[in-house]
Amino acid sequence: MAAIFGMSSIRAVVATAARTRSIDARRFQNVHNNIAFVSSASSASLPIREQHDARPVVTRAQHQLTSFSLDTTSGRQFHSSTQLLMAKRKKNGGRTKKTEKAPSKRSIKLSKLAQLDSEDDDDEDVDGILDFEDAEQDESAVVTPFATEYHAPVMPKECIDALLQQGVFGEMMDDKLERWRKKKSIAEAKLKKAGLLDDDEVETEEASNSAETSESIRRPRLFVDGTLGGGGHSQALLEQLSPGDILIGCDQDSEAISTASARLSKYLGTSEYIVEKNGELSCSWEEGRPMFIPVQSNFRNLVDVLSTIRHPTSGKLLLGKRLKKQDSESEEELEFPKGVNGMLLDLGVSSHQINTGERGFAFMKDGPLDMRMDSNSTTAAVSSLTAADICNEFDEATLISLLRTYGDEPRARRIASAIIESRPLHTTTDLVHAINTVTPTFARQKRAGLIATSARVFQALRIVVNEEDGALTEVLERVAPWALARSGSHHSNVGKNGSDGDDGILAVLSYHSMEDKMAKRVIRDGSVDLVGRRGRGGSLFERDLFGNIIQNEGDEEGSHVPFEPLGKPQKATDEEVAINSRARSATLRLGIRI
């Protein structure tokens, strides 16, 4: 048996080898038939170079393989997936997928403009071709109706809807109030069961809350725009406010506050709180309109400023010193004793400041290295530190630290060395040239190119010159909790009569990670500075096992955390980014004063 199996194995090997030899022979014959070899006695005697030139020319078509094609007329049977592929190609004109070309920004603008023209002017014929620049200006006016040459506001609809608690944000607020009501009822039931709360107190609290709710419907409201700029957000808000409502606009730039005041002249109630007036301002406010009061100040000083502002017609203090209830008896009558209903902080630099080369904010325009927000002011409060002072006087270690902290710059060490070697620096062009010595003009990664790197360096210098981090910390931790009205519906107000009936909303619009992190931490934990295990962060307040803040004796009534987040961070829509590129990096965070 072993011999038989051995013979069969040998025969199989021999048959396989014979088949292999026959296949190789056929392949060789095909190659030999396709390519002709010339061997003659005359050519053999020629030199090697002439033999190479005398060879017959073989065209590329003779060597080129036949292209793959799915021929359906040959009667060949294909796999089911291949048949589906062929059907798709036949339907889409030879393409596997039906691809549509994405519309350009120009086509989007022109199509929207044409649609608006057809709706408004059905009987008028438009002759000629519309210029692209005119179409862009008209479309910007349509999509962002509150934009001017000075500045185009970012996410105006979202900001105003959040401050007025309407639209999607109104639904978010209703859901949050319903959750607070359920938690409050559960806490009241527990307190009644423990004998710490009487039924009379609950009934009195419900009656006072219902009375305050009905009163808040007809009570005037107070809003604060901490970063007035060109007045785009303020105009959008004033157009939706009711008669008797007041909006306070704050800005430290005298040029910005004069431009915004002239733009909002029909709402302007007084110009008393503008330190430097560029020309005469007409106060055209009339009865039946909301009122606008401009204030020239940095928003970090709003506690001192808002406590002294009086109503232009009644003469009453708007907010006063915002004392506690037991200390407020000696204070005079206030116009808004509950506090501010909404505060907006649009951080960053306005488009007008960037486009003005003399201010030194733009790295694509030549100008002095200034970057001071209040450089136009003639008062003694103007900051003396400029960007040129930082570049020419700070040591290398300090430059590296500020570039990494405020600019998130990965090449901070090399850029700092280049700045020191290029001293003295006096203009923005000098600084860009210094950055270009260690940064490629173009790079594969957009973040590594000269434009992106210069933007981060200029951002870091601007933040240091204007102390934006310290001002933002102060306005988030001290000004906003002091000014905004506390919500009376929060579940922490169990068993407390006369709680506030308004819900103060804080809206922060940030444009880079440092500002967004600060706003997130204050709204979530109540403080910008965080300490935790291994630097991972954590609230400064002491909490129990269930996450509740532990209150000590003598602490202020209510929670230590001044805010509670309202919804998730909001981003600008693609349509707005296509019109206003500055909205690309904007992030809107909302908080409720509790």
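Summary table
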| read-out | value |
| --- | --- |
| Pairs with Cβ under 7 Å, 6+ apart, first in the range 360-383 and under 17 Å from Ile451 (Cβ atoms) and open to solvent by 30 Å² or more (accessible area, probe 1.4 Å), second at pLDDT 85 or above and among the aromatic types (Phe, Trp, Tyr) | Phe363/Phe458 |
| Residue match in the range 386-393 (condition: more than 26 Å from Lys520 (Cβ to Cβ) and touching an Asp or Glu at 6+ places or on another chain (Cβ under 6 Å)) | yes |
| Pairs, first over 25 Å from Leu344 (Cα atoms) and at pLDDT below 90 in the range 160-188, second open to solvent by 20 Å² or more (accessible area, probe 1.4 Å) and β-branched (Val, Ile, Thr), C-beta under 6 Å, six or more apart | Lys184/Val494; Ala187/Val494; Glu188/Val494 |
| Any pair with Cβ under 7 angstrom, 6 or more apart, that starts in the range 396-410 at a residue that is in a helix (DSSP H, G or I) and ends at one that is open to solvent by 70 Å² or more (accessible area, probe 1.4 Å) | Ile400/Arg413 |
| Every pair of residues 6+ apart whose Cβ atoms lie under 6 Å, when the first sits in the range 436-456 and is over 19 Å from Lys365 (Cα atoms) and part of a loop (DSSP other than H, G, I, E, B) while the second is of a type in the set (D, E, K, R) and modelled with pLDDT of 90 or more | Val438/Arg414 |
| Within the range 231-268, considering residues that are among the hydroxyl-bearing types (Ser, Thr, Tyr) and in a helix (DSSP H, G or I), the one nearest to Arg219 (Cα to Cα) | Ser234 |
| Helices (runs of 4 or more DSSP H) (entirely within the range 479-594) containing at least 2 residues that are surrounded by 15 or more Cβ atoms within 10 Å (Cβ to Cβ) and at pLDDT below 90 | 513-525, 574-579 |
| Residues within the range 421-435 that are surrounded by 15 or more Cβ atoms within 10 Å (Cβ to Cβ) and not in a loop (DSSP other than H, G, I, E, B), tallied | 8 |
| Residue in the range 280-293 that is in a helix (DSSP H, G or I), in contact (Cβ under 8 Å) with a residue 40 or more places away in the chain and open to solvent by 50 Å² or more (accessible area, probe 1.4 Å) present | no |
| Meets criteria (out of contact with any Gly (no Cβ under 9 Å at 6 or more places or on another chain), over 30 Å from Lys157 (Cβ atoms) and at pLDDT 90 or above) for Lys321 | no |
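The values are calculated or read from the model by the stated rules, or taken from the named source; none is laboratory data. As the structure is a prediction and not an experimental result, all values here were calculated from the model. When we count neighbours, we look across all protein chains shown, and the Cβ atoms used for this are built from the backbone with ideal geometry, even at glycine. Keep in mind that these areas ignore ligands, DNA and RNA; they rest on the heavy atoms of the full protein, side chains included. Shrake-Rupley method; radii C 1.70, N 1.55, O 1.52, S 1.80 Å.
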